[in-house]
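The values are calculated or read from the model by the stated rules, or taken from the named source; none is laboratory data. No experiment lies behind these values; they were computed from the predicted model shown. Quick reminder, even Gly has a Cβ in these numbers, built from the backbone with ideal geometry, and neighbours come from all protein chains shown. For the accessible areas, the whole protein counts, side chains as well, though only heavy atoms, and no ligand, DNA or RNA atoms are used. Shrake-Rupley method; radii C 1.70, N 1.55, O 1.52, S 1.80 Å.
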Amino acid sequence: MRMGEDEAIRFVDWVRGAAPYFHAFRGKTFVLAFGGEVAQGELMEDLCHDCNLLAALGVRLVLVHGSRPQIEAEVERRGLASRYHKGLRVTDEVALECVKAAVGVTRIEIEARLSQGLPNTPMAGAFMRVTGGNFITARPIGVVDGVDFQFTGTVRRVIADEIAADLDQQNVVLISNIGVSPAGEIFNLAMEEVAEQVAIALKAEKLIYLCDAPGLLDEQGRLIETITAEEAERKFNEGLGLTEDLHLFLPRAIKAVRHGVARAHLIDRDKDGGLLLEFFTRQGVGTMVARDPVHRLRQAGTEDVGALLQLLGPLEADGTLV
Ligand code: ARG
C-alpha cells in the first residue's frame, strides 16, 4: 500500500532533517564499541544494517567488539572458574585458551553478520568489505595489589596509520579485544580501552559505546542528553546510579574527548535503531559527552541566512515583526 499524505510528509521531513548530518559525517571517523552481549544479541542484525548505511554515507567506520559473555561461556564449558580482580579478568594460561577461542568465534560471527545481503533487506547488494589485522600492540598489566594479571593486558600502541590506510580503501575495520606484544604474546584486552585508544589515535569524530542503560541519568532519573567532560567526571566521582557498563565506559568517553575526539556517545544497546536516532536527529537518544558546552554563541555568517529567514518567517507572517 502507498503511504498516506501525512506519512509521506513526515517521511520527506525526516529525510530532509537528516540531510545536514549526511553532509557533516561524510569522511568522518566513527569508532563504535560494543560488548559480546550485543554481538550475540537479537539486535545484531539490525545493527549491521545500520552500520552498512553509515558506511554507504561515507562514514569511516571502525567497530571494536568485546567477548566477555563468550569467554565466560567457554570457561564454564571447560569446567573452569573465572577469576576477577577489580572488575578485570585475571587471564592465566588456560583462561587465555578460552579467550582465543571465544574471541575467534565472536569475530567470525560478527564478520558473517556484516556480510549478509539477502534481497529484500537493507543490505541487499551492499557489499561491505570488513578487514582487520594486527593493529593493536599490547603489554601486560602486571601485578596489582599483589595479584598478577598474567595475560590480561593493556594497549601499548595503536598502529593508527595502518587502520587509516584500510579506511582509505573504504573498508570497515573490525577490531577485537586482543593485542600482541613485540615478543608475540597474546593479551586479553578490555574492549572499552581498545576503543578509546583507537578513537584517540585516529582523531575520530565520534566514539560510541553501546551500553546497558539508556545513557547517564540525573538525580530525578531523567536522561542527560548532553554533558561536558568536566560535569561527567563529577558525576562519575559521585558514582550514583552508574550501571556496570557506564562505570566502565564513562571514564573512557571522558578521556577520549579530552584527547581530541570531538564527541563520545553512550547509547542503549537494546534500542533498535539507536544509532540512527542519535546521529540523524538533533536531540539524539543517548548521552553525548562533549569537551566543551555544545551551545556557544557565535557570529552569524552567510551560511546562516537560510536558517534565520526560516526562523523569522512566521513572526513576520503573524505581524510580530515587520
Ligand atoms: N545528531 C547529532 C550528532 O550525532 C547530535 C546528537 C545529540 N545527541 C545527544 N545525546 N545529545 O552529533
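Can you tell me which residue is nearest to the chain's Cα centre (by Cα) among those in the range 167-192 that are polar (S, T, N, Q) and open to solvent by 50 Å² or more (accessible area, probe 1.4 Å)? Talk me through it step by step, then tell me what you get.
So in the range 167-192, the residues polar (S, T, N, Q) come out as 169-171, 176-177, 181, 188.
This time we only want the ones that are open to solvent by 50 Å² or more (accessible area, probe 1.4 Å), so: 169-170.
Details: Gln169: 21, Gln170: 19 Å.
Restricting to residues being polar (S, T, N, Q) and open to solvent by 50 Å² or more (accessible area, probe 1.4 Å), the top hit is Gln170.
Do we have Leu118 as under 21 Å from the mean Cα position of the chain (by Cα) and among the hydrophobic types (A, V, I, L, M, F, W, C) here?
Values: under 21 Å from the mean Cα position of the chain (by Cα): no; among the hydrophobic types (A, V, I, L, M, F, W, C): yes.
Spelling it out, it is not the case that Leu118 is under 21 Å from the mean Cα position of the chain (by Cα) and among the hydrophobic types (A, V, I, L, M, F, W, C).
Restrict the check to the range 89-100 and report whether at least one residue is assigned to a loop (DSSP other than H, G, I, E, B) and either more than 28 Å from Phe127 (Cβ to Cβ) or out of contact with any helix residue (DSSP H, G or I) (no Cβ under 6 Å at 6 or more places or on another chain) (or both).
Restricting attention to the range 89-100, the residues satisfying the condition of being assigned to a loop (DSSP other than H, G, I, E, B) are 90, 92.
Next, from what is left, pick out any that are either more than 28 Å from Phe127 (Cβ to Cβ) or out of contact with any helix residue (DSSP H, G or I) (no Cβ under 6 Å at 6 or more places or on another chain) (or both): 90, 92.
Within the range 89-100, one or more residues are assigned to a loop (DSSP other than H, G, I, E, B) and either more than 28 Å from Phe127 (Cβ to Cβ) or out of contact with any helix residue (DSSP H, G or I) (no Cβ under 6 Å at 6 or more places or on another chain) (or both).
For the range 147-166, which positions are open to solvent by 10 Å² or more (accessible area, probe 1.4 Å) and not in a strand (DSSP E or B)?
Residues of the range 147-166 open to solvent by 10 Å² or more (accessible area, probe 1.4 Å): 147-148, 150-151, 154-162, 164-166.
Phe151, Ile159, Ala160, Asp161, Glu162, Ala164, Ala165, Asp166, listed by residue number.
Only residues that are out of contact with any His (no Cβ under 9 Å at 6 or more places or on another chain) and either aliphatic (A, V, I, L, M) or touching a residue at least 40 places away in the same chain (Cβ under 8 Å) (or both): list them for the range 134-151, please.
So the first thing to find is which residues in the range 134-151 are out of contact with any His (no Cβ under 9 Å at 6 or more places or on another chain), and the list is 134-143, 146, 148, 150-151.
Listed by number, the residues that qualify are Asn134, Phe135, Ile136, Thr137, Ala138, Arg139, Pro140, Ile141, Val143, Asp148, Gln150, Phe151.
Residue by residue, here is whether (1) open to solvent by less than 50 Å² (accessible area, probe 1.4 Å); (2) among the hydrophobic types (A, V, I, L, M, F, W, C); (3) within 30 Å of Asp148 (Cα to Cα) holds:
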residue	(1), (2), (3)
Arg2	no, no, no
Gly27	yes, no, no
Ala33	yes, yes, yes
Ala39	yes, yes, yes
Val59	yes, yes, no
Ser67	yes, no, yes
Gly79	no, no, yes
Arg83	no, no, yes
Glu109	no, no, no
